[in-house]
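Quick notes on the structure that follows.
Values quoted throughout were computed directly from the atomic coordinates according to the rules given, and no laboratory measurement underlies them. Just so you know, these numbers come straight off a predicted model, no measurement behind them. FYI the Cβ positions are ideal-geometry reconstructions off the backbone, even for glycines, and counts take in every protein chain you see.
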Amino acid sequence: MILIADGGSTKVDWIALNQDKSERFKTRTEGLNPAIVAPQTLKKRVLDNINLEPTREEVTQVFFYGAGCGTSKAIETLEKVFQEIFVKADIIVAEDMLAAAYAASETEPAIVCILGTGSNSCYYDGKTTTSTSVSLGWAIMDEASGNYFGKKLIRDYYYKIMPQEIREKFEKDFNLEDDYIKEQLYQNEAPNTYLATHAAFMFDFKEHDYITGLIEKGVDEFFRYRVLPYGKGKETPIYFIGSVAYYFSNIVEKVATKFDLNFAGAIQRPIDNMIAYHKKYLIK
């Protein structure tokens with residue numbers, strides 16, 4: 001059995017294929033970002049899955065692409081965890097940007113971007129990915145990501161910048177006690193995931209000037225820091241992966257047009273496209 005996984009900080013989509021490449025099952029676990037989650041928790045999240053645990057000794061290959069897997073240390077951490085679980089499998093762990101590139105453009109050169117819980121970008125030449133900057137993660141980067149907008153919403157609420165009608169709904173939907181927020185940010189394991197849970201709130205007010213302005217400013221920052229430095233023109237397609245890009249694709253396209261760049265589309269969940277790529281190019 002072959003496992004292919006698209007892993008974010010919030011969740012991981014898995015698909016299992018039989019040796020003849022037919023689909024066996026799809027499933028989901030909590031996020032497996034080795035940069036922010038301890039190894040014992042990573043292992044538990046996999047073993048708690050009702051599909052993966054009973055079949056783990058049948059697995060012969062694991063292709064895992066994940067957030068936080070951009071360094072050798074992070075890759076080694078996940079490889080060790082998976083080797084302990086899938087004891088008969090060959091393990092491949094790579095950054096989620098590579099999976100995004102496979103899913104978005106197969107072998108076509110493109111700029112590929114992720115706007116989900118976190119954000120990132122790469123230039124994909126059809127085989128490999130390169131970036132203009134190492135990502136330092138949620139605390140100081142991640143422009144236009146879910147956690148970026150979560151920070152903005154909470155900050156604007158506390159500074160009383162948020163419009164009253166949105167403020168009232170925000171208070172109903174979330175625990176906004178200052179002690180609770182500080183505990184989630186500074187004592188719990190995944191503050192970026194906590195912040196990103198607030199971003200979905202924006203979808204309820206996606207036509208409101210306050211929300212569209214917030215989104216446009218964040219996407220503008222993302223383009224300036226994570227797209228323009230590649231120095232590519234309109235001839236290079238730019239693909240986006242992730243829920244933020246998908247639900248606010250009209251704003252992403254508007255900003256791309258402002259910079260005279262080629263917005264080629266947004267994919268909410270790339271797992272199905274990834275499967276097609278693996279069947280075509282990587283699974284023999």
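Listed values, structure above:
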| read-out | value |
| --- | --- |
| Amide H within-cut-off set for Ile241, under 5 Å, with H built and near neighbours excluded | Cys113, Ile114, Leu115, Ile267 |
| The chain, dipole about Cα centre (Lys/Arg Cβ +1, Asp/Glu Cβ -1), debye to the nearest 20 | 420 |
| Rounded, prolate or oblate (a/c below 1.5 giving rounded, otherwise prolate when a/b exceeds b/c) for segment 72-161 by Cα gyration tensor | oblate |
| Ranked Ser22, Ser121, Ser249, criterion: other C-beta atoms within 10 Å, fewest first | Ser22, Ser249, Ser121 |
| Reachable lysines, given that their alpha-carbon falls under 23 Å from the alpha-carbon of Lys206 and they are not under 8 places away in the same chain | Lys151, Lys152, Lys160, Lys169, Lys172, Lys217, Lys254, Lys258 |
| For q = 0.21, 0.26 Å⁻¹, Debye-computed log10 I/I(0) when each Cα of segment 115-208 counts as one equal scatterer | -1.05, -1.41 |
| Trypsin sites (Lys or Arg not before Pro) within segment 1-93, DSSP loop, no more than 15 other Cβ atoms inside 10 Å | Lys21, Lys88 |
| Local electrostatic count at Asn120 - Lys and Arg +1, Asp and Glu -1, tallied over other residues with Cβ under 9 Å | -2 |
| Trypsin sites (Lys or Arg not before Pro) restricted to DSSP loop in segment 137-220 with at most 14 other C-beta within 10 Å | Lys160, Lys206 |
| Among [x] 31, 27, 18; [y] 35, 21, 17; [z] 32, 24, 16, the entry that matches semi-axes √(5λ) of the Cα gyration tensor in Å as calculated here | [z] |
| Extreme residue, positive dipole direction of the chain, given options Ala190, Tyr281, Phe248 (C-beta unit charges) | Tyr281 |
| Proximal aspartates and glutamates relative to Lys26, as straight alpha-carbon distance under 19 Å, when same-chain residues fewer than 8 apart are discounted | Asp6, Asp13, Asp48, Glu53, Glu57, Glu58, Asp96, Asp272 |
| Within the chain, longest stretch clear of exposed chymotrypsin sites (Phe, Trp or Tyr not before Pro) (DSSP loop, no more than 16 other Cβ within 10 Å) | 1-158 |
| DSSP loop GluC sites (Glu not before Pro) with at most 15 other Cβ within 10 Å excluded, longest remaining stretch of the chain | 1-105 |
